[in-house]
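Asks: One structure follows; several queries about it will come next.
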Amino acid sequence: MGAYEINKGIGRTVEFKGLKAQYLFIFAGGLLATFVLVVILYMFGVSQILCLVIGVSGATLLVWQTFAMNRKYGEHGLMKRRAVGYHPRYLICRRSVSRLLQTPPEKKGNTR
């Protein structure tokens with residue numbers, strides 16, 4: 001029976017070149033989308049120089065922005081930033097103060 005090393009990375013987040021968690025998916029998906037865009041433009045007859053400029057500039061912008069977001073928001077920060085949009089900024093109560101201070105009337109009904 002052979003000796004196997006224990007994987008010390010169990011329970012840790014996936015990391016590649018400093019990119020963590022969801023930034024890897026943004027990075028990989030963005031590069032794939034840029035590549036597909038360049039291929040489609042080339043198939044439609046756009047000049048090679050323009051295709052290369054679009055591809056290189058798009059990939060550079062994507063890499064720069066992904067690493068910047070990774071530094072700024074951290075591993076779970078992007079999900080926290082997205083969750084802020086689901087919370088209301090403030091609550092509105094349209095009842096009068098006297099109505100709020102009244103005790104609610106007892107409910108009448110069948111109790112089993």
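Asks: How high is the relative contact order of the chain, in percent, counting Cα pairs under 8 Å that sit 6 or more residues apart?
Replies: Numbers: 38 pairs, mean separation 27.2, N = 112.
Reported relative contact order: 24 percent.
Asks: Shifting gears a bit: For the chain, what number results from the quotient of the Cα radius of gyration and 2.2 N^0.38 Å?
Replies: Values: Rg = 27.1 Å, N = 112, 2.2 N^0.38 = 13.2 Å.
Here the Cα radius of gyration is 2.05 times the empirical estimate.
Asks: Same structure again: Using only Cα atoms, find the angle between the long axis of helix 22-43 and the longest principal axis of the chain, and express it within 0 to 90 degrees, rounded to the nearest 10.
Replies: Helix 22-43 sits at roughly 50 degrees to that axis.
Asks: Run the quick spin-label model on V56 and K80: label points 7 Å from Cα toward the beta carbon, then report their separation in nm to one decimal.
Replies: For V56 paired with K80, the spin-label model returns 3.9 nm.
Asks: Per DSSP helix of 4 or more residues, -39500 (n - 2.57); summed, then divided by the residues of the chain. What does that give at 222 nm, rounded to the nearest 500?
Replies: Computed ellipticity for the chain at 222 nm equals -20000 deg cm²/dmol.
Asks: When the dipole is taken about the Cα centre of region 15-97, and only Lys, Arg (+1) and Asp, Glu (-1) are charged at their Cβ, what size is it in debye, to the nearest 20?
Replies: Using only the charged Cβ atoms, the result is roughly 680 debye.
Asks: In whole Å, how far is the Cα centre of region 10-33 from that of region 42-84?
Replies: Result: 13 Å between the Cα centres.
None of the figures in this text is laboratory data; all of them are computed from the coordinates on show. Since we're looking at a predicted model, the values are computed, not measured. FYI the Cβ positions are ideal-geometry reconstructions off the backbone, even for glycines, and counts take in every protein chain you see.
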